[in-house]
Amino acid sequence: MTLDLAVLVSGRGSNLRAICAAIDAGRCDARIVGVLADRSQADALGFASERGIPTRVCRPKDHASREAWDAALADEVASFSPGLVVLAGFMRIVGPAMLARFPYRIVNVHPALLPAFPGTDGPAQAIAAGVRLSGCTVHLVDAGVDTGPILAQAAVPVLPSDDASALHARIQGQEHRVFPAVIDAIARGWIVPGARPTFAPGCPFGEGALVCPALV
């Protein structure tokens, strides 16, 4: 069953573009019903408008408190009636109002192999730690910072020549592959989100997170 998505963005929206490309190619059984940004200058808004996708802006500075912004964000997202909320480079932590309105129906992709290197600058943290393997994690969002149930992971090598920017670019290549695939698996009922997600027999991601050794 085609899954309606509300996609939250802050910048260029490379993951939004990857999801759209997968939808266009028939690899993701979903429909983007709205794109919402926390910044009116987010380039992703223009991309969405060009595709005829409704857009909204909900800026923290327009609200009296973080709690008020979170409540307004929840209302804006709910107006799209999505089946799943997708954080595609959304550089804000969603709060209690969002989590209550969409319990375990918010999915995020993080540029590290969680639980290692949560929070900001995952690639820079990996470089500083001297690890030889990093990657991305698609997970459900809960009240912690990158602590929600893991749905899938993809691994990339950390090369001796890497800086944070080079590593992040390699990780993003895997984000653009895995994120739409997870959304498609949710749409098809292969993954049932929850505090303890279930994975149907035949699900491409198996029982739990599949670490894809994309070592190229």
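Here is how the numbers come out for the structure above:
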{"read-out": "Residues with amide H under 5 Å from that of Ser134, placed H, sequence gap 5 or more", "value": "Val156, Val158"}
{"read-out": "Part-to-part distance (alpha-carbon centres) for region 187-206 and region 61-103, which is given in Å", "value": "25 Å"}
{"read-out": "Accessible surface, the chain, averaged per residue in Å² (probe 1.4 Å)", "value": "45 Å²"}
{"read-out": "Carbon plus sulfur fraction of accessible area for region 42-111, probe 1.4 Å, in percent", "value": "52 percent"}
{"read-out": "Counted charge near Ala100, where neighbours are those whose Cβ lies closer than 13 Å (Asp, Glu -1; Lys, Arg +1)", "value": "-2"}
{"read-out": "Selected from Gly194, Gly89, Gly130 as most flexible by GNM, with the chain as the system and alpha-carbon contacts under 10 Å", "value": "Gly130"}
{"read-out": "Total charge dipole magnitude, the chain, about the Cα centre, Cβ charges on Lys, Arg, Asp, Glu only, Debye to nearest 20", "value": "140 debye"}
{"read-out": "Span-like helix ranges in the chain, DSSP H, alpha carbon extent 30 angstrom or more, Kyte mean at least 0.0", "value": "164-187"}
{"read-out": "Residue with peak Gaussian network fluctuation, the chain [Cα springs, cutoff 10 Å], from Leu140, Leu113, Leu159", "value": "Leu159"}
{"read-out": "Positive-end residue, the chain charge dipole about Cα centroid, Cβ charges, pick of Val109, Gly144, Pro204", "value": "Pro204"}
{"read-out": "Residue of Pro197, Pro180, Pro149 that the Gaussian network model of the chain assigns the largest fluctuation, springs spanning Cα pairs under 10 Å", "value": "Pro197"}
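The values are calculated or read from the model by the stated rules, or taken from the named source; none is laboratory data. This one's a predicted model, so the numbers in the text were calculated from it and none came from an experiment. For neighbour counting, all protein chains shown are included, and Cβ atoms are generated from backbone atoms with ideal geometry for every residue, glycine included. Note: accessible area is taken over every heavy atom of the protein model, side chains too, but ligands, DNA and RNA are not part of it. Shrake-Rupley method; radii C 1.70, N 1.55, O 1.52, S 1.80 Å.
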